[in-house]
Amino acid sequence: MIPNIQPYDLMTGIKHWATVVGTLTGVFFVLAVILVTISRVVPLLWNALLALFTGRPFPEKFGERLVEGLLAGPVNVTKGVWNGLLDFALMSPRRVWALTVLTIRESLRRKAFSVLVIFAVLMMFAGWFFAGGDDVKVYISFVFRVISWPMLILVLLLSCWGLPRDIKDRSLHTVVTKPTRKSEIVVGRLLGYSAVTTAAVALMAVVGYIWIVRQTPEDARSQLIARVPIYGTLTYLDREGNFAEKGVNVGDEWDYRGFIEGGTRSRAIWEFKNIDTRRLNDQLVIESNFEAKRMHKGDIGKTLLMQYTLINPKSGDRIDVPQTHISEFGENITTVPRQFTFYDRDTKQNRTVDLFDAAIADGNMKIEVRCLNVGQFLGMAEADLFLRTPNAPFWFAYVKGFAGTLLMLLLVILFGVTASCFTKGPVATIATCVFVLVRQLRPFQEIFERILNQKPGEEILGGGPIEATIRVYTHLNPQVPMHDHLSPTGSESVDFLIFKVVKQIDGVIIEGLRLAVNVLPDFTQFYTETRLANGFDVSWDTTLLPAVTLTLAYIIPCLLIAYYSLKNRELEAK
Amino acid sequence: MAESVIQIRNLSKIYRDFWGRKKVRALNSLSLDVEKGEVFGLLGPNGSGKTTTLKLLLGLLFPTEGKITVLGKPASNVEKNERIGYLPEESYLYKFLNAEETLNFYGQLFKMSRVERKKRIDELIELVGIQHARKRQLKEYSKGMTRRIGLAQALINNPDLVMLDEPTSGLDPIGTREMKDLIIQLKEQGKTVVMCSHLLADVQDVCDRIAILYGGELKVMGEVDQLLTEQDETQLHTSRLSEAAISEIREVLARHNAELSGVEQPRANLEDLFLRTVHESKSRPGRRFTSDEAAQSSATTAVETKTDDKPSDDTPDDKNSPAS
Ligand SMILES: Nc1ncnc2c1ncn2[C@@H]1O[C@H](COP(=O)(O)OP(=O)(O)OP(=O)(O)O)[C@@H](O)[C@H]1O
Ligand SMILES: [Mg+2]
């Protein structure tokens, strides 16, 4: 998985959220109005029609009732929305608390914590299984999986089955005959399950931490670190020295890395912004991890040679760091002291500078990388070079990693409780699983990607769903324009009209699909542990913030859906 | 007339299945009012729509047609529930809670201070007589105990309107008697009670007005006293009479053109016997009654109770046909 390394832009996220939620709300509102109107007006009109043709009595006060029916849609739906908002606004903390405690009690009495037993057993076997290994990455990943998988199952069972069971046992009936609001029931459930989940995860995480530390051999403990990187953005210069967005493709099917060619003017340039020099500890530590691609054998005894040049973006001052042989299968760490002496190629003499003044201007700096072996290639992606600041405490990064896992579980609870407000346990479970998984499944990803990247109004080869269907049935090649060659009516202007209408409808369908895909959660945001397992800190702005935002984004829509489902459901009649 | 606590107008309820197809018409154009401070009984055979009516009043079901106003608010309004207590047909409580936790939970759903809640819980546990089981989970409760905690739950908020769905079902005779006393007590406190029951004797004892439903339709409604007074019969209670005295009375009656329709020795009803036995067992534990003794003790008391015997059981007292 490619990690997020650029800070998450909260404003963009909020705008996106507002667009999606706003559009959906609008769509639902209109649909509700239409449905209410139909249910009121159609029977009335039907009776009137019957009266006209069969001589049955004409509906009394027809005009009055028609007006009333037409008004009922907008009026009732607006009233419903208002009442819903009011129901949330008037929630009583006391009742929510009571319902939360009840949910916690219920979970405990239904043996939710047996998940701890499963965890303990798995940990015991793992102890034997992994004994003696020194790959810390494996331990960390293992602990996260062994906690998150059983917890996922537990959370699904709790959240999807709790409310339906409450309804089936009719114990909820007694609760709703008290002054309990439906919103309080939903929120109480959510908080209760969240509390149980948080407690269980916290407990297991502590055990997991102790296990990781004890399992790691003494000499491998140094691998339990949380590096705190500062990332830049990467661009390239091609072999003629021209700006290039991408590096050379050396034939990898995975074009994650771009390559620069040795001995030419080809460069990789990282641009850093807003460097806080106070965090640097009076030195510049550059860590990189490049992929070497040898086009010829070269000097087989030595690894490839590269050089960093620090560039002050304001003054254009260039500071060459001594050449280094890269480690072809691991990190290169280069430490440059703040007071640094280097050979200045322009003045052809040694110069001593204060790096923080000479290379960094207003927190901005560039690092240029070149490969010094003629005809060899060096591959890099944006995340492959970064500045290092002092390490964060490992335990703290570990806690933040689990915050990601916890946020994922909380989101599943939110989905589960919402689903359980309108269906029974099994259906709710399946619905939740599908909703969580669809975007993660390979075969769908490509389709979703295409839908998301489709710009509004942009031509699609072969057209949208309806046009494509027409083309299939009329054996029309995707390349030929449809209106020229399709003649269902024989009249050109009518054909053109049909074509226009089809295009419009397709446009709407694609917009609908885009909206639908946007609604599906991207759970990769919660894989915080990969950062930790790779020895990095789990940073707030690149890793944790997107996860927090993702979970928060669903709270309001889910609460509303849950509330309206529960409210419009006749609890008694099943 | 007193103010209406419940107004039902033209209420119909059709149960539908998942696909919206009609299953049962449980209520048909029901209209009735319950006034403040009265005890109202809903009667009717099984499946006549009593429970459905109560559930509609509580907003657990949505009416197919018609209007409901409870305490001046529509049935879907939750705020009115602050003043309502409901004892369901079967107790729908959380089986994993114990009695105290249950009452505490329901108490928390109402505006009530913690101190007040604690006090109320103790009172109610005492009132419904489950002190010995206050720490036991409800899943271990017997049916009657469950009914009792259900009742306590319904009264936790000291409601103005109490709806009881078959309050005496599952209760032992003492419980039944206590329940009846309680209902009368509630009425004395000015509360309104709506109850359904099959035990007509109980209904007759406590209800001011009744409605009889049949097949979802209202058949009879009115004040119990009025509905039950037999206009063409008179009943006398006397001390024990000899055969001679009875034949003399017969002659007197004949002169007044009336007829003596039956002469019987009054019998205590089973309820009385049961209550007495339990009371005596309490005061003299370890003692057992044989049927002779029981009969004897019943005979002695029969004399005492003769005058205040209620005409509520199915063992009739003397009945005389009065002259018109
Ligand atoms: N959830 C339900 N779904 C479908 N039909 C129902 C449902 N609940 C009740 N009914 C039907 O509605 C009718 C009235 O039922 P209700 O429970 O109100 O009767 P009741 O008068 O309370 O009877 P009982 O004396 O047995 O308690 C019955 O025909 C019953 O089958
Ligand atoms: Mg019933």
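Just to check your reading of the model, which residue among B:Leu87, B:Leu93 is among the hydrophobic types (A, V, I, L, M, F, W, C), at pLDDT below 95, within 16 Å of B:Leu151 (Cα to Cα) and within 16 Å of ligand 1 (Cβ to nearest atom)? Within the list B:Leu87, B:Leu93, the selection yields B:Leu87. Considering only residues that are within 16 Å of ligand 1 (Cβ to nearest atom), more than 11 Å from every other protein chain (Cβ to nearest Cβ), closer than 14 Å to B:Val39 by Cβ and in contact (Cβ under 8 Å) with a residue 40 or more places away in the chain, which ones fall in segment B:154-169? Listed by number, the residues that qualify are B:Leu164, B:Pro167.
For (1) part of a helix (DSSP H, G or I); (2) within 16 Å of ligand 2 (Cβ to nearest atom); (3) of a type in the set (Ser, Thr, Tyr); (4) at pLDDT below 90, each residue gets a yes or a no:
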{"site": "A:Thr543", "(1), (2), (3), (4)": "yes, no, yes, yes"}
{"site": "A:Val548", "(1), (2), (3), (4)": "yes, no, no, no"}
{"site": "A:Thr551", "(1), (2), (3), (4)": "yes, no, yes, no"}
{"site": "A:Ile555", "(1), (2), (3), (4)": "yes, no, no, no"}
{"site": "A:Ile561", "(1), (2), (3), (4)": "yes, no, no, no"}
{"site": "A:Glu570", "(1), (2), (3), (4)": "no, no, no, yes"}
{"site": "A:Ala573", "(1), (2), (3), (4)": "no, yes, no, yes"}
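Of note, A:Lys500 does not satisfy the criterion of being touching a Gly at 6+ places or on another chain (Cβ under 9 Å), of a type in the set (Lys, Arg) and over 19 Å from A:Phe396 (Cα atoms).
Any residue in segment B:184-201 that is within 16 Å of ligand 1 (Cβ to nearest atom), away from every other protein chain (no Cβ under 14 Å), open to solvent by 10 Å² or more (accessible area, probe 1.4 Å) and touching a strand residue (DSSP E or B) at 6+ places or on another chain (Cβ under 9 Å)? The answer is yes; a qualifying residue exists. When segment A:135-144 is limited to residues that are in a helix (DSSP H, G or I) and open to solvent by 50 Å² or more (accessible area, probe 1.4 Å), the one that is farthest from the other protein chains (Cβ to nearest Cβ) turns out to be A:Lys137. Taken over segment A:548-574, the criterion of being more than 16 Å from ligand 1 (Cβ to nearest atom) and within 14 Å of chain B (Cβ to nearest Cβ) is satisfied by A:Tyr563, A:Tyr564, A:Leu566, A:Lys567, A:Asn568.
Might you let me know whether segment B:159-170 holds any residue that is touching an Asp or Glu at 6+ places or on another chain (Cβ under 7 Å) and on the phi > 0 side of the Ramachandran plot? Among the residues of segment B:159-170, at least one is touching an Asp or Glu at 6+ places or on another chain (Cβ under 7 Å) and on the phi > 0 side of the Ramachandran plot, which makes the answer yes. When B:Thr52 is tested against (1) within 13 Å of ligand 2 (Cβ to nearest atom); (2) modelled with pLDDT of 90 or more; (3) more than 22 Å from the chain's Cα centre (by Cα), exactly one condition is not met: (3).
Filtered by the rule that a residue be under 30 Å from A:Ala268 (Cβ atoms), assigned to a helix (DSSP H, G or I) and touching a residue at least 40 places away in the same chain (Cβ under 8 Å), segment A:184-243 gives a lone residue, A:Gln223. Of the residues making up segment A:520-534, those that are closer than 26 Å to A:Ala220 by Cα and either open to solvent by 10 Å² or more (accessible area, probe 1.4 Å) or within 9 Å of the chain's Cα centre (by Cα) (or both) are A:Tyr527, A:Glu529, A:Thr530, A:Arg531, A:Ala533, A:Asn534. Total residues in segment A:433-455 satisfying the condition of being touching a helix residue (DSSP H, G or I) at 6+ places or on another chain (Cβ under 7 Å) and open to solvent by 70 Å² or more (accessible area, probe 1.4 Å): the figure is 1.
Selection of first residues in segment B:23-35 that are within 14 Å of chain A (Cβ to nearest Cβ) and of second residues that are within 15 Å of ligand 2 (Cβ to nearest atom) and among the aromatic types (Phe, Trp, Tyr), restricted to Cβ pairs under 7 Å at least 6 apart or on distinct chains, gives the following pairs, ordered by first then second residue: B:Lys23/B:Tyr15; B:Val24/B:Tyr15; B:Ala26/B:Tyr15. Would you call B:Ile149 assigned to a helix (DSSP H, G or I), more than 16 Å from ligand 2 (Cβ to nearest atom) and either of a type in the set (Gly, Ala, Ser) or over 21 Å from B:Asn98 (Cα atoms) (or both)? The answer is no for B:Ile149. For segment A:184-200, the count of residues that are open to solvent by 10 Å² or more (accessible area, probe 1.4 Å), charged (D, E, K, R) and within 13 Å of chain B (Cβ to nearest Cβ) is zero. Against the criterion of being more than 14 Å from every other protein chain (Cβ to nearest Cβ), surrounded by 18 or more Cβ atoms within 10 Å (Cβ to Cβ) and closer than 30 Å to B:Gly107 by Cβ, A:Ser159 qualifies. Count of segment B:58-104 residues, restricted to those that are assigned to a helix (DSSP H, G or I), buried (at least 22 other Cβ atoms within 10 Å of the Cβ) and more than 9 Å from chain A (Cβ to nearest Cβ), is 3. The test for being within 24 Å of B:Gly49 (Cβ to Cβ), within 16 Å of ligand 2 (Cβ to nearest atom) and open to solvent by less than 60 Å² (accessible area, probe 1.4 Å) does not hold for B:Gly222. Among the residues of segment B:55-87, those identified as within 16 Å of ligand 2 (Cβ to nearest atom) and closer than 19 Å to A:Lys182 by Cβ are B:Lys55, B:Leu56, B:Leu57, B:Leu58, B:Leu60, B:Leu61, B:Tyr86. Residues in segment A:77-134 that are more than 13 Å from chain B (Cβ to nearest Cβ), buried (at least 18 other Cβ atoms within 10 Å of the Cβ) and under 27 Å from B:Gln137 (Cβ atoms): 1 in all. What are the residues in segment A:264-300 that are open to solvent by less than 80 Å² (accessible area, probe 1.4 Å), in a loop (DSSP other than H, G, I, E, B) and modelled with pLDDT of 85 or more, if any? Listed by number, the residues that qualify are A:Thr264, A:Ser266, A:Ile275, A:Asp276, A:Asn289, A:Phe290.
Across segment B:37-57, the qualifying residues are those that are crowded, with 21+ Cβ neighbours inside 10 Å and among the charged types (D, E, K, R), and the one among them that is farthest from ligand 1 (Cβ to nearest atom) is B:Lys55. Return yes when B:Leu97 is touching a Pro at 6+ places or on another chain (Cβ under 8 Å) and either touching a residue at least 40 places away in the same chain (Cβ under 8 Å) or over 26 Å from A:Gly162 (Cα atoms) (or both) and no when it is not. Criteria not met by B:Leu97. Sub-7 Å Cβ pairs linking a first residue in segment B:65-77 that is in contact (Cβ under 8 Å) with a residue 12 or more places away in the chain and farther than 17 Å from B:Val194 by Cα to a second residue that is part of a loop (DSSP other than H, G, I, E, B) and open to solvent by less than 40 Å² (accessible area, probe 1.4 Å), at least 6 apart or interchain, are B:Ser76/B:Gly59, ordered by first then second residue.
When only residues in segment A:225-258 that are crowded, with 16+ Cβ neighbours inside 10 Å, within 16 Å of A:Ala292 (Cα to Cα) and out of contact with any Lys or Arg (no Cβ under 6 Å at 6 or more places or on another chain) count, which is modelled with the highest pLDDT? That would be A:Arg257.
The values are calculated or read from the model by the stated rules, or taken from the named source; none is laboratory data. What you see is a predicted model; the values in this text were computed from it and never measured. Please note: Cβ atoms are built from the backbone with ideal geometry, for glycine as well, and neighbour counts cover all protein chains shown. Just so you know, the surface numbers come from the protein's heavy atoms only, side chains and all, with ligands and any DNA or RNA stripped out. Shrake-Rupley method; radii C 1.70, N 1.55, O 1.52, S 1.80 Å.
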